[in-house]
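The values are calculated or read from the model by the stated rules, or taken from the named source; none is laboratory data. In this text, all values refer to a predicted model and were calculated from it rather than measured experimentally. Cβ placement follows ideal geometry from the backbone for every residue including glycine, while neighbour counts extend to all protein chains displayed. The protein model used for the area step is the full one, side chains on, heavy atoms only, and it has no ligands, DNA or RNA in it. Shrake-Rupley method; radii C 1.70, N 1.55, O 1.52, S 1.80 Å.
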Amino acid sequence: MAIGILRGQTADRREGSSGSQSLTRPERTKAPVPNPTTVRAARYCELMTPPRNTAEQQSQPSPPAQHETAPTLRSNASRYVWAHGLQNVGDQIIAAKTLLPWLLQAAGAPAFFIALLVPVRESGSMLPQAALTPWVKTRRRRVSVWIAGALGQAASAGLIALAALFLEGVALGIAVVAALACFATARALCSMASKDVQGRTIPKGQRGQISGRATMLGGVAAVVVGAVLWGLADKLSGPMIAGFIAAAACSWLVAVLIFRGIDEPECAEDSCGPNSNWWKDTWALFASDRDFRSFVIVRSLLLVTALSTTFIVTLSAEMGASVDEALGASGAGAGAGASGSSGGSVGIFLIASGVAALIGGKVTGLWADRSSKAVLTWSAGVGSAILLLLVAGAHWLPQAVNVWLFPLGFFAMNIVHAAVRVARSTYVVDMAEGDKRTEYVGASNTLMGIILLVVGALSGAIAMLGSSAALVFLAVIGLVGVAMSSRLKDVSHKPLSAD
């Protein structure tokens, strides 16, 4: 009987426990329907941000896009290519190394203003970036920053076109240099924002190809414009150049209409604003971040491709192996004055740089997605070899050979420079994420603006000993770049195969 009572109590406890569990168990509620915009932004951030648990996970490629986001990614890629392709079209026309010097020379502007064009354009677009970085980081959508920069470039190009129509001499020189300074500052915004937009909307393994295609579009435009200038030669005039520059301004306006349609996920807004200690922060980043410091040093050594083309042209002129003579521009401008010959030469240089962009953009874009580090290493080596070959040819080969060797060397160096531009852009986008990428881009470009002025002044001083001496100096810098770039961290990976 006692056993029965115990059994009954045990059963009661079990029933009570079961009943209490049934009473306390929460009822199943229907899950809320997620907001599609929130889900899409979350998927973007998950897609664009690599795993951070272990070093092995960080080395793995980004996961493929989900079915819902694939059309958006394709649309973003297409818009990025066309917008930057149009920007490259404008760059090829408003070129501080070709068209603008011809414009100032033809209008009687002093050589002082012509000498300012390249430093103002190149350094002016890089030096402000570290100071602008804190402000850029406060923008949730970097597309708007790029649009502001593109509009600034369009307005500056329009001012240059107006100056070409109504001014000449010293007044034209002052107006063009001032407008070019505004143009360069606006370009700084585009340079910073474009890499952020690319990093947020294009996965690893595709960024090099995207940059390469945009470079190719600019190359096509350069070939077309160069062919027109070469054909016109003796008929080329200031108003015609003003028309080309106005067309370049329109290319940025069209690019704005295209770029504004990019579907960029909004990331958290940075609380910091303008920073008066931006230079201190830039130097601290360079001193403390080993990977970033290595990248800046390698990029400095690769200036060999950017600074050498001027000395190639001057050395060819010293040896009597002019580009015009080799390609027949002198025939196109037969009987023309100095202005006509100069116009034909401008056309040839544009054609050469355009074809180089076509070849370099396509090939190196694919290669940079596999290893942008390898592209930088090979570019430094090939560039140095080209310069040493040209110097040797100038001293030991007959003029009949040099008359073709120097144009081919100029063309090859432009291909190498296109490769460097695509690879360095891909590398800095792949080496960091989020606002850290913004800091890298701004700090590296500001440092490069300073280094460009220093190396340019040093190579110019050495050039007083002759163009050959300057080319040998740059070739040695490039060889050091081979050794340094081979030690860079490899941040890229082999592109994912399509299903």
(message) Going through the cross-link list 97/137; 436/489; 97/489; 97/204; 204/436; 195/373, which pairs have a Cα-Cα distance over 27 Å in this structure?
(response) 97/137; 97/489; 97/204
(request) Using only alpha carbon pairs under 8 Å that are at least six residues apart, calculate the relative contact order of region 96-204 and give it in whole percent. (result) 40 percent
(request) Provide Rg over Rh for region 93-229; use the alpha carbon set for both Rg and the Kirkwood Rh (inverse mean inverse pair distance). (result) 1.02
(request) Starting at the first residue of region 406-422, write each ³J(HN,Hα) from the Karplus equation 6.51 cos²θ - 1.76 cosθ + 1.60 with θ = phi - 60°, in whole Hz, x for Gly and Pro. (result) 5, x, 5, x, 4, 5, 5, 5, 5, 5, 4, 5, 4, 5, 5, 5, 5
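Which shape class applies to region 405-461: rounded if a/c is under 1.5, otherwise prolate when a/b exceeds b/c and oblate if not, where a ≥ b ≥ c are the square roots of the Cα gyration tensor eigenvalues?
Taking the square roots of the gyration eigenvalues as a ≥ b ≥ c, region 405-461 is oblate.
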(request) Give the residue from 203, 192, 180 lying farthest towards the positive end of the charge dipole for region 168-229; charges sit on Cβ (+1 for Lys and Arg, -1 for Asp and Glu) and the dipole is referred to the Cα centre. (result) 203
(request) Report the one residue of 363, 390, 461 whose Cα lies farthest in the direction of the positive end of the charge dipole of region 352-499 (charges on C-beta: Lys and Arg +1, Asp and Glu -1; origin at the Cα centre). (result) 390
(request) Using a 1.4 angstrom probe on heavy atoms only, work out the carbon and sulfur share of the accessible area of region 426-499 in %. (result) 67 percent
(request) Could you size up the charge dipole of region 85-191 around its Cα centre, putting +1 on the beta carbon of Lys and Arg and -1 on that of Asp and Glu, and report it in debye to the nearest 20? (result) 640 debye
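What number comes out for accessible area per residue over region 104-184 if the probe is 1.4 Å? Units Å², please.
39 Å²
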(request) Convert each backbone phi in region 145-151 into a coupling constant with the Karplus relation 6.51 cos²θ - 1.76 cosθ + 1.60 (shift: θ = phi - 60°), then list the ³J(HN,Hα) values in order as whole Hz, x for Gly and Pro. (result) 5, 4, 4, 4, x, 5, 5
(request) Would you kindly calculate the mean projected area, averaged across all directions, of the convex hull enclosing the Cα atoms of region 339-445, in square nanometres? (result) 8.9 nm²
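Determine the sum of side-chain charges near residue 293: Lys and Arg each +1, Asp and Glu each -1, restricted to other residues whose C-beta is under 13 angstrom from that of residue 293.
+2
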(message) Sorting check: for 218-229, 290-301, which peptide has the highest mean count of neighbouring beta carbons within 10 Å, and how do the rest follow?
(response) 218-229, 290-301
(request) Express in Å², to the nearest 10, the accessible area of residue 156 obtained by rolling a 1.4 Å probe over the protein heavy atoms while all chains stay in place. (result) 10 Å²
(message) Given R₀ = 41 Å, what would the calculated FRET efficiency be for residue 293 paired with residue 166, taking r from the Cβ atoms and rounding to 0.05?
(response) 0.30
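For region 161-221, compute Rg over Rh where Rg is the Cα radius of gyration and Rh is the Kirkwood radius from the inverse mean 1/r over Cα pairs. Show your work: numbers first, answer last.
Working: Rg = 17.1 Å, Rh = 14.3 Å.
Radius of gyration over Kirkwood radius for region 161-221 works out to 1.20.
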